[in-house]
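Down below is the structure, laid out as structure tokens.
The values are calculated or read from the model by the stated rules, or taken from the named source; none is laboratory data. Everything numeric here is computed off the predicted structure, so don't read it as measured data. Cβ coordinates were reconstructed from backbone atoms using ideal geometry, including for glycine residues, and neighbour counts include every protein chain displayed. SASA here: full protein model, heavy atoms, side chains in, ligands and nucleic acids out. Shrake-Rupley method; radii C 1.70, N 1.55, O 1.52, S 1.80 Å.
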Amino acid sequence: MEYWKAIVYPAHHYSKTPSLQTSITPSLHYSNYKSMNKNINIGLGFRREIADAFLNQEIMPDFIEVAPENWIDLGGYWGDVFRKVNEQYPLILHGLSLSIGSPEEPDWDFLKKLKRIIKQFNVKIYSEHLSFAKLDNAHLYDLLPIPFKEDSINHIVKRIKQVQDFLEMPLTIENVSYYTPVDAEITESEFISRIVKESGCNMLLDVNNVYVNAFNHNYNTHEFIDAMPLEKVSYIHMAGHHKLNDNLIIDTHGEAIIDPVFELFDYTLDKLGRNIPVLLERDFNFPEMNELKLEMNKLRNICLKHQDQNVVQY
Amino acid sequence: MLYSTKTYQTQKKLTNWVRTGSNPEVPGTVLEGLKQYRRLFRNNINNTMEQAFPISFEVLNKEQWKQLIDDFFAHHDAKTPHVWKLPFEFYQFVNKQKYSSKFNMPFLNDLLHFEWLEIEIFTMQDILPEPYKKTGDLLNDRIECNNEFQLTQLKYPVHLFAAKESLKHSGDYYLLSYRMPETYEVKFIDFPVLHVLFFEKICNDRMSANEIIKEISDQNPSVDKKQLKQNIEEFIETMFSEKVFLGYSETYQN
């Protein structure tokens with residue numbers, strides 16, 4: 001998660017101008033920054049540490065994704081950067097604080113601000129995590145697993161409907177990585193599927209999270225993908241992770257994507273039967289831009305393999 | 001809420017573990033996984049505060065810093081959805097819980113405040129000035145101020161001296177923090193009390209220099225008007241050069 005990377009330090013706290021990378025590898029095609037590409041859309045998370053690379057077009061994804069919590073209310077230098085980058089790239093929002101699994105009501109004040117941003121930048125996808133990040137109105141700034149239970153489904157379906165009604169757009173819900181189950185009575189796949197189907201929301205399928213959870217909780221990745229409500233999947237996340245020990249992987253977004261996750265992505269696209277926007281998430285430990293481009297090209301090549309499939313435009 | 005009481009209590013136990021590291025008896029969990037949550041969440045808070053308050057982090061010893069982070073995470077219900085605003089809540093928490101007394105560091109509140117101010121001014125929403133012109137009558141025209149500022153009173157001059165050194169210089173200090181137009185750099189100016197008066201009359205009350213001179217002279221007949229005029233002229237010229245004052249107002253005409 002990129003929570004603590006959100007700090008927006010002034011001069012002595014933090015360098016406003018990360019060192020520029022110089023080498024540029026020609027990419028397959030980056031032709032249209034005002035609207036997402038009609039065929040394949042590979043995005044990159046917009047992070048402050050690499051902001052200049054986006055602005056000077058050293059790296060040019062088809063779209064960018066940000067956490068609205070890290071940009072709403074910001075003025076000054078970063079407010080200016082945010083305006084500029086939104087003139088160059090289509091924007092997807094991936095929230096951190098909605099906390100759809102919290103017992104309390106959603107934060108309506110925050111949602112009002114969010115709705116303004118969605119309209120201002122013509123945002124087509126607002127995604128959030130199927131988790132909770134606050135309890136009794138105390139924010140925790142990271143994601144906790146929800147008990148996979150019947151009453152949880154009922155509660156979250158109601159919350160999703162409330163948020164969708166307010167925002168006047170479908171919410172896109174992401175399967176999260178988790179390091180322990182919590183009082184689970186049903187499987188994760190049933191939990192996710194039922195929430196998506198009963199709420200009418202869309203799904204952000206994080207393929208790396210499927211891999212991480214399958215490793216940590218000993219299940220089969222293909223069977224899990226097969227059990228997802230694939231017709232409702234409208235967006236994909238891809239990322240690297242950190243293997244802590246032989247029993248546990250942590251979803252860090254701080255490493256390159258490993259081959260088995262690329263393979264699972266290939267499998268997922270095959271099952272999906274269509275291309276949808278795909279985001280490369282990288283939140284820290286940033287490599288040379290060339291390396292990110294190579295990762296994005298690898299994702300694009302896998303998408304190209306499936307290009308004969310129906311194309312769903314953003 | 002459609003959660004059962006049991007599910008809600010399970011969530012409470014889970015968050016309690018994450019925040020305090022005590023009572024890991026959360027139903028249906030694996031301790032190894034629970035430990036990761038405690039570690040990751042606490043690291044988030046620690047890293048956020050360490051980056052927001054680099055001077056305080058240096059000044060406090062390891063145990064003191066750890067105590068602040070642990071107590072803050074365990075006992076403070078964070079309000080903001082924006083983690084970059086959380087350092088303000090941390091500053092308020094430390095102030096309210098009187099850690100400056102507990103640690104025998106009277107300057108601690110001012111130091112945290114000073115460090116927060118830099119972030120606050122750097123990130124504050126843009127407040128555009130009213131229309132202004134570059135030339136005008138320094139004594140008679142209304143001045144358009146840079147709106148992106150805060151004027152703060154400090155007891156310990158942590159903006160002038162190293163934190164522990166500031167103890168020897170306690171008093172009434174007025175600190176103007178503001179954001180430079182175009183470069184967005186945050187600057188600080190230490191104001192003597194007379195300059196606070198000038199600044200507030202010009203920027204808040206929208207008075208011209210001559211109106212301020214008249215008001216002060218009327219209230220204090222013994223004041224040296226010539227000296228006062230010279231003081232306010234020098235003040236205004238300095239504020240123009242420092243981009244605290246931007247120009248002469250086109251909205252407020254004489």
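Some notes on this structure:
- Exactly one residue out of B:Leu175, B:Leu111 is touching a Ser or Thr at 6+ places or on another chain (Cβ under 9 Å) and not assigned by TED's automatic domain parsing to the domain that holds B:Thr238: that is B:Leu111.
- Applying a threshold of 6 Å to beta carbon distances and a minimum spacing of six or more residues, or different chains, the list of pairs starting in region A:268-297 at a residue that is on the phi > 0 side of the Ramachandran plot and ending at one that is open to solvent by 10 Å² or more (accessible area, probe 1.4 Å) reads A:Gly273/A:Gln309.
- Of all residues in region B:160-174 being open to solvent by less than 50 Å² (accessible area, probe 1.4 Å) and of a type in the set (Ser, Thr, Tyr), the one that is nearest to the other protein chains (Cβ to nearest Cβ): B:Ser166
- Residues that are of a type in the set (Lys, Arg), in contact (Cβ under 8 Å) with a residue 24 or more places away in the chain and facing chain A (nearest Cβ under 9 Å) within region B:13-43 comprise just one, B:Arg19.
- Qualifying residue in region A:72-90 (condition: touching a Leu at 6+ places or on another chain (Cβ under 6 Å), over 17 Å from B:Gln125 (Cβ atoms), among the acidic types (Asp, Glu) and not in a loop (DSSP other than H, G, I, E, B)): no
- Number of positions in region B:44-55 that are open to solvent by less than 30 Å² (accessible area, probe 1.4 Å) and either away from chain A (no Cβ under 11 Å) or assigned to a helix (DSSP H, G or I) (or both): 6
- Only one of the listed residues (A:Ile100, A:Ile146) is more than 9 Å from chain B (Cβ to nearest Cβ) and under 23 Å from A:Ser177 (Cβ atoms). That residue is A:Ile100.
- Residues of region A:59-80 satisfying the condition of being open to solvent by 10 Å² or more (accessible area, probe 1.4 Å) and not aromatic (Phe, Trp, Tyr): A:Met60, A:Asp73, A:Leu74, A:Asp80
- Single unsatisfied condition, B:Lys133 versus (1) under 21 Å from B:Arg206 (Cβ atoms); (2) without any contact (Cβ under 8 Å) to a residue 24 or more places away in the chain: (2)
- Count of region A:100-130 residues, restricted to those that are part of a helix (DSSP H, G or I) and not polar (S, T, N, Q), is 12.
- B:Ser177 being modelled with pLDDT of 95 or more, on the phi < 0 side of the Ramachandran plot and open to solvent by less than 70 Å² (accessible area, probe 1.4 Å): yes
- Taken residue by residue, region B:56-66 has no member that is open to solvent by 20 Å² or more (accessible area, probe 1.4 Å), within 14 Å of another protein chain (Cβ to nearest Cβ) and assigned to a strand (DSSP E or B).
- Taken over region B:130-143, the residue count meeting the criterion of being open to solvent by 50 Å² or more (accessible area, probe 1.4 Å) and either within 14 Å of chain A (Cβ to nearest Cβ) or outside any loop (DSSP other than H, G, I, E, B) (or both) is 2.
- As a summary of the residue check, A:Gln120 satisfies the conditions (1) at the interface with another protein chain (Cβ under 10 Å from one of its Cβ atoms); (2) among the polar types (S, T, N, Q); (3) more than 24 Å from A:Ser177 (Cα to Cα) except for the one numbered (1).
- Of B:Gln125, B:Gln153, all but one fail to be away from every other protein chain (no Cβ under 14 Å) and either open to solvent by 50 Å² or more (accessible area, probe 1.4 Å) or of a type in the set (Gly, Ala, Ser) (or both); the exception is B:Gln153.
- Within region A:72-84, residues that are at the interface with another protein chain (Cβ under 7 Å from one of its Cβ atoms) sit with their Cβ atoms under 8 Å from residues that are modelled with pLDDT under 95 and open to solvent by 10 Å² or more (accessible area, probe 1.4 Å), at 6+ positions apart or across chains, in these pairs: A:Tyr77/A:Lys16.
- Any chance A:Lys113 is touching a residue at least 40 places away in the same chain (Cβ under 8 Å), within 13 Å of chain B (Cβ to nearest Cβ) and basic (Lys, Arg): yes
- Filtering B:Val158, B:Val193 for residues that are within 14 Å of the chain's Cα centre (by Cα) and among the β-branched types (Val, Ile, Thr) leaves a single hit, B:Val158.
- Residue among B:Lys79, B:Lys96 that alone is within 9 Å of chain A (Cβ to nearest Cβ), closer than 26 Å to A:Ser99 by Cβ and either open to solvent by 20 Å² or more (accessible area, probe 1.4 Å) or in contact (Cβ under 8 Å) with a residue 12 or more places away in the chain (or both): B:Lys79
- Residue in region A:220-236 that is farthest from the other protein chains (Cβ to nearest Cβ), counting only those that are open to solvent by 50 Å² or more (accessible area, probe 1.4 Å) and under 27 Å from B:Tyr37 (Cβ atoms): A:Glu223
- Scanning region B:155-183 for residues that are farther than 26 Å from B:Leu138 by Cα and hydroxyl-bearing (Ser, Thr, Tyr) returns B:Tyr156, B:Ser166, B:Ser170, B:Tyr173.
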